[in-house]
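In what follows, a single structure is set out as structure tokens and then discussed.
The values are calculated or read from the model by the stated rules, or taken from the named source; none is laboratory data. Please read these numbers as outputs of a predicted model, since none were measured by experiment. Glycine gets a Cβ as well: all are built from the backbone with ideal geometry, and neighbour counts include every protein chain shown.
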Amino acid sequence: MRHNVWSVVATMLALVVAGCGGPGQTIPLSVNMDAVPAPEKMTAPLRVAVVPFEDVRSDKAKVGRYQHYVESTVDTLVPASGSAADQVTNFVLEYLKRAGFQVTRVQPGQAVASGSADVVLSGQIESYWSEAVTRFARTELAARNRLVLKAINVGDGSTVRTTVEGEGTKTVVFFDLEDLEKLHSEALGQTLARFLADVVVADRALKPKP
């Protein structure tokens, strides 16, 4: 009899623990250019053709996670629209426009029309991740990304290749997805700001800063 009682108690405890965790949800995560400091305007704007970025991460579906206070519940963060490659490419296009470049988008393998661009920009996504971890009385936010950017100057055929990173952390009392989206956007903006800080415009081309 006593063995049966303890078996029932153990089963009930297991159900309570499992019930506290529960399955995680899939949550769309957006990027917002309006959350990013305006880029410095280029003094000599170029015509830039942007090739969609390539996502070389092992898991291309996820861009982050939200771990609840009960650690067994973890929500998966995915791009709000399209893929991570779409999200990054669109962000790059808008960021360069705000920096004063004349930007067009071309498809992979599509030839850039003669005389239509000074620079062809492509890139790879090596890291693109944001997360929120809720602990007692606080939630810790973090965002980070790493991009490989390649700029081919049409005029002389020279190439500028660089790897740049952006990251940020923040602690809030209550989790709000908008806080993580803002940090996510700021980290991506930081990456592109660092890229532009590493180059100069000379002779209708992008050159490494001396």
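Quick notes
- Within the range 93-158, strands (runs of 3 or more DSSP E) holding 2 or more residues that are surrounded by 18 or more Cβ atoms within 10 Å (Cβ to Cβ) and over 18 Å from the mean Cα position of the chain (by Cα): 119-135, 138-153
- Test: residue in the range 64-73 that is in a loop (DSSP other than H, G, I, E, B) and either closer than 30 Å to V200 by Cβ or in contact with a Leu (Cβ under 9 Å, 6 or more places away or on another chain) (or both): no
- Selection over the range 1-47 of residues that are touching a Phe, Trp or Tyr at 6+ places or on another chain (Cβ under 9 Å), farther than 30 Å from K97 by Cα and at pLDDT 85 or above gives a count of 1.
- Flag: V36 does not match the condition of being closer than 23 Å to T134 by Cβ, in contact (Cβ under 8 Å) with a residue 60 or more places away in the chain and β-branched (V, I, T).
- Of all the listed residues (A61, A85), the sole one being in contact with an Asp or Glu (Cβ under 6 Å, 6 or more places away or on another chain), within 26 Å of G24 (Cβ to Cβ) and either part of a loop (DSSP other than H, G, I, E, B) or modelled with pLDDT of 95 or more (or both) is A85.
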